[in-house]
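Data block below; observations after.
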Amino acid sequence: MIISDLHPWNLAPRDAAALQRQLAAQVVVKDHLPPEVRQVAGVDVSYKKHGKMFFAAVSVLSFPDLEPLSRATAQGLSEFPYIPGLLSFRELPIVLEAFRRLPQAPDVILVDGQGIAHPRRLGLASHLGLWLGVPTIGCAKSRLCGEHPAPGKDKGDAVPLRDGEDTLGTVLTTRTGTRPLYVSPGHLIDQRRAVEITLACCRRYRQPEPTRSAHLLSNELRRAAADLPS
DNA sequence: GCGACAG
DNA sequence: ATCTTGTCGC
């Protein structure tokens, strides 16, 4: 896995925001997925209530059958606090460590967070995509910015997420009867493909299989590192 | 000043 | 995100 253009993570909030504006200009919102998508990865991070211990997990599934192919994990500390809009400075370092442990880069990555549906157009998914040079999709469970009408109740129903003249993403119902997901391009992919891939990864749960799998794995890590007695 | 606010 | 048990509903 090749990483390029490293930059510090211990920045003051103001500097982090300035860096985001700089990086956002490099985000590519065009379809650069390979002709045949065969590997889809999901990534998620878990940690303790007031602790600094983080647990990242990456789960790679085959596409479109969604069978387990490989996985990688990493754990470490983080000093950066949670500040809406600056999530990547808190979680990306440990996520990148997990990706370094993957034998091979997947064709596309689903992230539990926003892509360009961000105040400065650089959510966690976009930031990760830039670092890895791999197509990414933001699949957030709630809204960070932008406005939209309520989408339909059935799986596949969708409405655009907008901010003035900009279309930031798609508010997509991924499972009938559940709250929608906020899908937006991360990097190297366009709106249409982002929704297409995400929907193809949804089976019987609101969360796409890749991120759902990573979520379960990161939770196992946290629990294993936590409770010793029984 | 007030409300909003990914994970 | 995390702290937490059972419980109402499809």
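The values are calculated or read from the model by the stated rules, or taken from the named source; none is laboratory data. Model, not experiment: these values are computed from the prediction. In this analysis, Cβ positions are derived from the backbone assuming ideal geometry, glycine residues included, and neighbour counts consider all displayed protein chains. Remember, those area values only see protein heavy atoms, side chains included, never the ligands or the DNA or RNA. Shrake-Rupley method; radii C 1.70, N 1.55, O 1.52, S 1.80 Å.
Structure notes:
- Shown for chain A: lysine pairs separated by 8 or more places, or found on different chains, whose C-alpha atoms are under 27 Å apart, numbering 7.
- For the stretch A:15-32 and the stretch A:163-201, distance of Cα centres in Å: 19
- Under-5 Å amide H pairs with A:L168, H placed in peptide plane, nonlocal only: A:L161, A:R162, A:D163
- Dipole moment magnitude, nearest 20 debye, the stretch A:27-226 about Cα centre, only Lys, Arg, Asp, Glu C-beta charged: 660
- Coarse-grained scattering of the stretch A:173-230 at q = 0.16, 0.17, 0.20 Å⁻¹, given as base-10 log I(q)/I(0) from a Debye sum over alpha-carbon atoms: -0.62, -0.66, -0.80
- Cα gyration tensor, the stretch A:27-226 - rounded (a/c under 1.5), prolate or oblate: rounded
- Annotation: per residue accessible area for chain A equals 49 Å², rounded to a whole number [probe 1.4 Å, protein chains only].
- Residue-averaged 222 nm ellipticity for chain A, from DSSP H runs of 4+ at -39500 (n - 2.57), nearest 500: -8500 deg cm²/dmol
- Most fluctuating residue given options A:L128, A:L181, A:L102, as computed from a GNM of chain A linking Cα atoms under 10 Å: A:L102
- Carbon plus sulfur fraction of accessible area for chain A, probe 1.4 Å, in percent: 50
- The length gained on full extension between A:Q22 and A:K49, counted as 0.36 nm times the residue separation minus their Cα-Cα distance, comes to 6.5 nm.
- Whether the stretch A:1-140 is rounded, prolate or oblate, judged on the alpha carbon gyration tensor where a/c under 1.5 counts as rounded: oblate
- Net length available on complete extension from A:A224 to A:R38 is 63.8 nm, with 0.36 nm assigned per residue and the Cα-Cα distance removed.
- Distance from the alpha carbon centroid of the stretch A:133-161 to that of the stretch A:61-89 works out to 19 angstrom.
- Prolate/oblate/rounded call for the stretch A:156-196, Cα gyration tensor, a/c under 1.5 rounded: oblate
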